Structures are given as C-alpha cells and as structure tokens.
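Colleague: I'd like to ask some things about the structure below.
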Amino acid sequence: MSNRSVITLFQQMSEQLESIVAMLGTVRLALSYYRINNPADENGADVTIREIAQVTQEFDGMNADLNDSVRKLRQRIDQLNLLYDITNQLNDQISLNQVIELTMDAMWQKAPLNFAVVILGDTELGPYHYKNMRGVSDAWRFLGRECPFPLWGVLARALIPHLDPEKPDYLIVDDMRTEQRPLPEEFPWMKREGSLMILPLRIQKTVSGALLLGRNEVEGFSNPELCEDYTEIAKSAARALQLAQVHQELQERISQLVGLQLFTRSMTNAKSFDEVIELLTQGVIEMAGKATVHIMIDPQFTHDRLHIEPPNQLVESFSSNPKTFQIYVTSLYENQKSTELSAYIYRLIEWTMQAGQPVFYDPQVAGESLEQFYYNESGRALLVPIVNNERTIGVIHIVAPDRPQPFDESDMVMLRTIANTTVMILNNLQA
C-alpha cells in the first residue's frame, strides 16, 4: 500500500467516525423527542426507552473524547498530506539549491520556528559550510562560510550515529539558556534562548550535513509527532541532496570535458609562447570558475628549448636554489594583488617542482606541514606540475576559496591533462 493510500484510508476512517458521531447525535435527539411526546405504556416500551437512554448517557460521556480523537486524527491527516507532498517533490530531479529551499519551506510550515539553518560538509569529517539560513538577521556574514566543528560540540554529537538503531536520530537542547549549550563559539549567530533541534542529513551511516531548527519556547520540540515528521523530512532531504549532488557533479564533469575539448582545439592554433600562456590561464579559469591562477615556468626551459626571452605576460620571478621561476598570473578577484605569494606558498611550489606531484591544500589554513599533503585528497587550492620528458618545467597554481565544492581527484586529473596538452603545444612551437 502506498503512502497516499494510507493517508486516504485514514481520511476515510475520520469521515466514518464523524458520521457515527452525527448518527448517534440524531438518535439522542429523536429519543428525547419520543419521551416527551409518547408517555410510557405497559407493553415494555418504557424498559426499551430506559435502556436506550442509558446507552445515550454513556455515549455522552465518551463523546468529548471521541470528538477530540477525531480532531487529532484529521490534524494528523493534514500533516501526513503535507509530508507526502514534500517527499514527492523531493523525489523529483531538482537542483541542489532547489532541494535546500524546498526542505527549508517544509520545516517552516510544520511549526513556528525562530530559525532554520542548513549546513553541508565537504566530507563526513568536514569542513562544514552554511548553505541556507532563515530567521538569522546577519545571515550574509555566514552564508558560504565554514561552520566551526569542534569534536566536543553539539553538532559533532548530533552527527555521531547512535548504537541503538531504534533511538531517534536527532539531538534536542530543551533550554539553551539553562543548559548553557551550544557555546557561543560553536554558532556565533545563534541567540542562547529557547530550544534547539539538530537533524543529521544521513543516508545509512554516512552523513552529509545537518539541519538546525530553533524555537523561542523552552521544550519546543517535546511533541514526538512533530519530531517524527521533522525526521522524515530530513531523511527525504538527505536522499534528494545526494541525488542532486551526483547530478550536479555529472553536469560539471560533462562541462569540463567539453571545455577540455575546446581548450585542446584552441591550443593547437597557438603560434607563440604568449598565446600558449594566455590560453592556458583561460582554460584553467573556465574549469575552476572564480579563481586566481599562477603559471610558474622554469626560464631555462623557455630559453634553452624555445630560445625566447621572458614573454610579455611575465609578472614576477622568484629565486629558489638553484633555480629562478617566472610567474604568470591571472586574477579574478577585485582589490587583490595577485602576485602576493607567501613564503609558505613558495615552499609548496618548490616541493611540487622537486617531487613532480600535485598538492591539495586549504588557503585558509596556513602552516600545514609538507607531510600533511600526502593525506590531503581535496582542497580549495591546487598545485599541478607541468612535466616534459619526466622533467618538471613548471607548476600550475590555482586558488578558489569561494568555490562551492573543493578541488578533488577528478579536478586534478583534468588539470594534469591541461598541463600535458600545454607541454605538447610548447614542444610543437620548438619544432
């Protein structure tokens, strides 16, 4: 039986109960009328009337409870209808932002909320970022930013799966002021009053984010039926988000492949080193979106192999024993000096040149040890070596801190393909 069939059945039961209530009410009125207009006789009608009257009195005692049950049943039917409609819409093929908006709408319709917030993680262990915020006055300060994820905090506790599968999969703080949690450093935008509910966006044992709901009332989430509905919406949202993310990633990969094909075609028409550098930076930016790109080239390669002097796009050079690198920069950020590379970044460039291996890192986290890069599988900054005949002749450095998703292995493979294509074109220029 489908969910809609179950809802319809409950609705029919409610209507039948209402019919019974109306019928018994009619019987009671008819009985009262009969007693007034037809005095008792000796053929036993008086006994029958007394029995019916007794039943009517018993029904009067249950009538209030029955009416209350019918009212609650109809209210529950309305809630199930809303839940069914939400789930049905989430099952449609919609974008990631549409899934988030629809989920927020659903949460907001269930009960009066003080705020509703969606956070999504790059991986299960984070980092997590704010994707949507309602009821937060200064939401613009936090949207797209990283959400703190201390292991001792309420968010980490909510995301840990319960050992008991029968236990509800959410965390509730009944009185944030009395319990003094969460702490201000966990959610700087949150007022510590009322109640809080955190719903993990979990599929089986894998969590992708969480929903944060707040109410002004203390113990605002004490209704088990309301919590059950919120849980069902969160489960539907988690499935829809997973499908939307997969669809979005597929579309991005398709766009990258098309862009790579166009890049390769345009590179074959390059007639000079200047054109190659310009087309290379354009191709990398089209792949990454809003980003800053640095192209580092070993001048020994351009001089000895291509027999050319530093090209027009040269912005800067820096020395690293025993080599000097030429830097070509394209920046898409306003009011940013694109040539300002820290000593820490220079160390990463040197390591990439020496090892000939790509590096993922987070531009917002400075000072990571070089050993840590062996374990990084993603990041919002990426260095990829440019290799010619097993010799590293340069590095492509791309930084995109505001990118919706971090660079991952597929981005790295795409960028290495671009680098290899560039080397082939440079060798053809030499020929």
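Colleague: Pick out the one residue from L241, L260 that is at negative phi, in contact with a Gly (Cβ under 9 Å, 6 or more places away or on another chain), hydrophobic (A, V, I, L, M, F, W, C) and in the same structural domain as M107 (by TED's automatic domain parsing). Steps first, answer last, please.
Modeller: Details: L260 fails: in the same structural domain as M107 (by TED's automatic domain parsing).
Only one candidate passes the filter, namely L241.
Colleague: Among the residues of segment 169-176, are any loosely packed, with under 14 Cβ neighbours inside 10 Å and either assigned by TED's automatic domain parsing to the domain that holds L212 or out of contact with any Pro (no Cβ under 8 Å at 6 or more places or on another chain) (or both)?
Modeller: We begin by selecting, within segment 169-176, every residue loosely packed, with under 14 Cβ neighbours inside 10 Å; these are none.
No, segment 169-176 contains no residue that is loosely packed, with under 14 Cβ neighbours inside 10 Å and either assigned by TED's automatic domain parsing to the domain that holds L212 or out of contact with any Pro (no Cβ under 8 Å at 6 or more places or on another chain) (or both).
Colleague: Collect the residues in segment 88-143 that are part of a loop (DSSP other than H, G, I, E, B), surrounded by 13 or more Cβ atoms within 10 Å (Cβ to Cβ), among the aliphatic types (A, V, I, L, M) and modelled with pLDDT under 90, keeping them in residue-number order.
Modeller: Result: I94, A111.
Colleague: Also, quick follow-up: Note down all Cβ pairs under 9 Å where the first residue falls in segment 277-290 and is touching a residue at least 12 places away in the same chain (Cβ under 8 Å), the second is charged (D, E, K, R), and they're at least six residues apart or on different chains.
Modeller: Pairs found: M287/D411; A288/R403; A288/D411; G289/D402; G289/R403; K290/D402; K290/R403.
Colleague: Between a residue in segment 141-154 that is on the phi > 0 side of the Ramachandran plot and any residue that is assigned to a strand (DSSP E or B) and charged (D, E, K, R), which pairs come within a Cβ distance under 9 Å, given they are 6 or more apart or on different chains?
Modeller: G144/K131
Colleague: On to the next question. Taking the criterion of being touching an Asp or Glu at 6+ places or on another chain (Cβ under 6 Å), of a type in the set (S, T, N, Q) and outside any loop (DSSP other than H, G, I, E, B), would at least one residue in segment 178-197 satisfy it?
Modeller: Yes, because at least one residue in segment 178-197 is touching an Asp or Glu at 6+ places or on another chain (Cβ under 6 Å), of a type in the set (S, T, N, Q) and outside any loop (DSSP other than H, G, I, E, B).
Colleague: Please state which of the following conditions G209 fails to meet, knowing it meets all the rest: (1) assigned to a strand (DSSP E or B); (2) in contact with a Cys (Cβ under 9 Å, 6 or more places away or on another chain).
Modeller: Against the list (1) assigned to a strand (DSSP E or B); (2) in contact with a Cys (Cβ under 9 Å, 6 or more places away or on another chain), G209 comes up short only on (2).
Colleague: Moving to a separate point now. Among the residues of segment 256-287, write down those that are at pLDDT 80 or above and polar (S, T, N, Q).
Modeller: Q261, T264, S266, T268, N269, S272, T281, Q282 - these are the residues of segment 256-287 that are at pLDDT 80 or above and polar (S, T, N, Q).
Colleague: I would also like to ask the following. Just name the residue that is modelled with the highest pLDDT out of those in segment 288-318 that are out of contact with any Phe, Trp or Tyr (no Cβ under 8 Å at 6 or more places or on another chain) and not in a loop (DSSP other than H, G, I, E, B).
Modeller: By that ranking, first place goes to V293.
Results for (1) of a type outside the set (S, T, Y); (2) crowded, with 22+ Cβ neighbours inside 10 Å; (3) within 30 Å of A288 (Cβ to Cβ), shown as yes or no for each residue.
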residue	(1), (2), (3)
L183	yes, no, no
W189	yes, no, yes
L201	yes, yes, yes
V218	yes, no, no
P224	yes, no, no
E228	yes, no, no
I233	yes, yes, no
Q245	yes, no, yes
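Colleague: Here is a further query. Of all residues in segment 105-154, count the ones that are closer than 19 Å to I172 by Cα, of a type in the set (V, I, T) and within 18 Å of the chain's Cα centre (by Cα).
Modeller: Total satisfying the criteria: 3.
The values are calculated or read from the model by the stated rules, or taken from the named source; none is laboratory data. Values in this document were obtained by computation on a predicted structure and should not be read as measured data. Cβ: placed from backbone, ideal geometry, glycine included. Neighbour counts: every protein chain shown.
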